[in-house]
1. Every residue in the stretch 111-153 that is in a loop (DSSP other than H, G, I, E, B) and either at pLDDT 90 or above or more than 24 Å from ALA73 (Cβ to Cβ) (or both), please.
2. Could you tell me whether ASN464 is of a type outside the set (A, V, I, L, M, F, W, C) and under 28 Å from the mean Cα position of the chain (by Cα)?
3. Of everything in the stretch 524-568 that's open to solvent by 40 Å² or more (accessible area, probe 1.4 Å) and among the β-branched types (Val, Ile, Thr), which residue is nearest to LEU197 (Cα to Cα)?
4. For the stretch 61-74, does any single residue satisfy the condition of being in a helix (DSSP H, G or I), of a type outside the set (Asp, Glu), at pLDDT below 90 and surrounded by 18 or more Cβ atoms within 10 Å (Cβ to Cβ)?
5. Exactly one of (1) at pLDDT 90 or above; (2) touching a Leu at 6+ places or on another chain (Cβ under 8 Å) is unmet by LEU43. Its number?
6. Give the residue, chosen from SER282, SER301, SER290, that is small (Gly, Ala, Ser), under 19 Å from PHE478 (Cβ atoms) and under 12 Å from the mean Cα position of the chain (by Cα).
7. Are any of the residues in the stretch 233-243 open to solvent by less than 30 Å² (accessible area, probe 1.4 Å), part of a helix (DSSP H, G or I), of a type in the set (Phe, Trp, Tyr) and in contact (Cβ under 8 Å) with a residue 40 or more places away in the chain?
8. Hey, any hits in the stretch 296-306 for a residue that's among the acidic types (Asp, Glu) and surrounded by fewer than 18 Cβ atoms within 10 Å (Cβ to Cβ)?
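The values are calculated or read from the model by the stated rules, or taken from the named source; none is laboratory data. Not measured: the values here are computed from a predicted model. When we count neighbours, we look across all protein chains shown, and the Cβ atoms used for this are built from the backbone with ideal geometry, even at glycine. What goes into the accessible areas is simple: the full protein's heavy atoms, side chains included, and nothing from ligands, DNA or RNA. Shrake-Rupley method; radii C 1.70, N 1.55, O 1.52, S 1.80 Å.
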Amino acid sequence: MELLRHIFAFDAESPLLFTQFYFWAFFAIVFAFFALMQNKILLRNTFLFAVSLFFYYKTSGIFVGLLVFSVLANWLLAIWIHSTKKEIGRKMLVIASAVIDLGILCYFKYAYFFTDLTNSLFGTHYSIVEHIILPVGISFFTFQTLSYTVDVYRRRIEPVRNILNFGFYVSFFPQLVAGPIVRATDFVPQLYKPYSLTRRYFGIAIFWILNGLAKKIILSDYLAVNFVDRVFNSPLLFSGFENTMALLVYSMQVYADFSGYTDIAIGVAMLMGFYLPRNFNSPYKAANCSNFWKRWHISLSKWLQDYLYIPLGGNRNATFGTFFWIILIAMTGVLLSGSWVIACIVFGIAAVILLWGLFVPSRRNKIITNLNLMVTMLLGGLWHGASFNFIIWGGLNGVGIVAYKIWKSWNTWVKLIVIALITEGIYTLIIYAPAPLWNLLFVWTAIITAGTLLKSILTACKANPEWLDNAWGVVQTFFFISFTRLFFRSSSNLDPAMANQEAWQTASNMVNQIGSAWNTATIPDICMGYWKVFVVFAIGMIIHWIPEHTKRRYRYAFAVMPLWLMAICASLVIFCIYQFVTAELQPFIYFQF
């Protein structure tokens, strides 16, 4: 009886994770039954829908009812949208779908955020009495169902007529709680195909599973437990060097964690004959922020592009939504900051942009494009969590993309003059208004100035190798992205009721530590104390930077091994992986989103 209760009861302290033995026992049983019905398509889909609901129940408990409601509501609305002839009726129905999906998401994910915002803006004292628990993966399946109804409205796809098939599409357990976000156009056709798995694809599936487990346990969990979590929990107890390294190491941790989950999901789905989209493409090889977001969380980037950026006007025009979101976010930030300086900066920037667009028509299209990009990135930041730190993180990434687009349009000497002036301006701030943030920015811009000067000289001498230019861009992008994650990590794993205050405090403390004077004499001792962490980090980065064609070769070599040799290799890999298992298995970072 106790065993049955353990198997079928929900335990909030022990969700069903890919890194647990219980998950693989669960999958082995599922796969055994799946093998008996693999080509009985409706029965197969119904079975996988049922086990996916059980998987979600073991992960989120009673919130499985919320998933069932989302499936039923969007299934009915999509059929209704398709059968409605009048355009006004179709629009009202797709709006109803958006209101239902986003309404549920906003309540569970943003109730504390909006309550705090209302109290700050109007001086009220509203409070949420009950403790709202965030259902695991709610953002992922909400975006998935919303894109489905929108695609039916746009007549890109036919609605799925059988609710069991549709429920399986929405709830497919490998990608249910942390993505990738699967488009109906990519997955629905697979619902009706008979099972097929070649010998080579079997090997590739096993490779992806082992690769994902290694990323999660050897890289992500080890780096988190032994270094990153310690620094972020108490940044003032650690030096500026340790805080800086924590940011860089966290970049590897979050990549290994999220891409590790995706690799396992792709491998598990492939074993059952289903193919999920690639979600990462070596993002730390990106030489600029724009390219980074084409490589990182690709399914979300594409979703934001198709369902937010383009409807806002894309690179064609600005819509009401563009100005509505820009003004709302800017005004909210100004009011909550309570600072006249910030207000003047925000409205000064807005005035310059508007005047530039008014008096320089040739630049108007680029200004509109950049405005829509900024709105998309700001709202993309908010998607990740109910904290202004997430909005700051999204905004910084938006600034990085826009700044790169402007930067690449200038010649080398203009770049040098501009970055030198910026560096001089920051140095002036250090003299007349000293603060750790200005010290940090001064060092960074000074390095960029030196690099730009060197590039100018090499270009003038016609000796600027492309590999050097690309390497410089990769390093600068990695450092910039890592710095923005200061705000991302500070807002993670917090009670939403306290997220804004605690996250801002953590971020401020880390900036102060990094921007204050370093005791360089202690750096060798720090490196010796954390040498294992830094070696694992370095190995992770080296593997990450291996050329893609080389990675394809060793994936293929593993996939075509004789089964007996593959089994031996897999056993050795699993043995090595579990030497790194921590006392408590760490949940996947993106479960909270």
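1. As a first pass, look at the stretch 111-153 and keep what is in a loop (DSSP other than H, G, I, E, B): 123-137.
If the condition is that a residue be in a loop (DSSP other than H, G, I, E, B) and either at pLDDT 90 or above or more than 24 Å from ALA73 (Cβ to Cβ) (or both), then GLY123, THR124, HIS125, TYR126, SER127, ILE128, VAL129, HIS131 are the ones that fit.
2. Working: of a type outside the set (A, V, I, L, M, F, W, C): yes; under 28 Å from the mean Cα position of the chain (by Cα): no.
Taking the combined requirement at face value, the residue does not satisfy it.
3. Restricting to residues being open to solvent by 40 Å² or more (accessible area, probe 1.4 Å) and among the β-branched types (Val, Ile, Thr), the top hit is VAL560.
4. Yes; the residues of the stretch 61-74 include at least one that is in a helix (DSSP H, G or I), of a type outside the set (Asp, Glu), at pLDDT below 90 and surrounded by 18 or more Cβ atoms within 10 Å (Cβ to Cβ).
5. (2)
6. On the way: SER282 fails: under 12 Å from the mean Cα position of the chain (by Cα); SER290 fails: under 12 Å from the mean Cα position of the chain (by Cα).
Answer to the selection: SER301.
7. Going residue by residue through the stretch 233-243, those that are open to solvent by less than 30 Å² (accessible area, probe 1.4 Å) are 235, 240, 242-243.
From what's left, part of a helix (DSSP H, G or I): 235, 240, 242-243.
Filter once more, so that each one left must be of a type in the set (Phe, Trp, Tyr): none.
Looking through the stretch 233-243, none of the residues is open to solvent by less than 30 Å² (accessible area, probe 1.4 Å), part of a helix (DSSP H, G or I), of a type in the set (Phe, Trp, Tyr) and in contact (Cβ under 8 Å) with a residue 40 or more places away in the chain.
8. Scanning the stretch 296-306 turns up at least one residue that is among the acidic types (Asp, Glu) and surrounded by fewer than 18 Cβ atoms within 10 Å (Cβ to Cβ).
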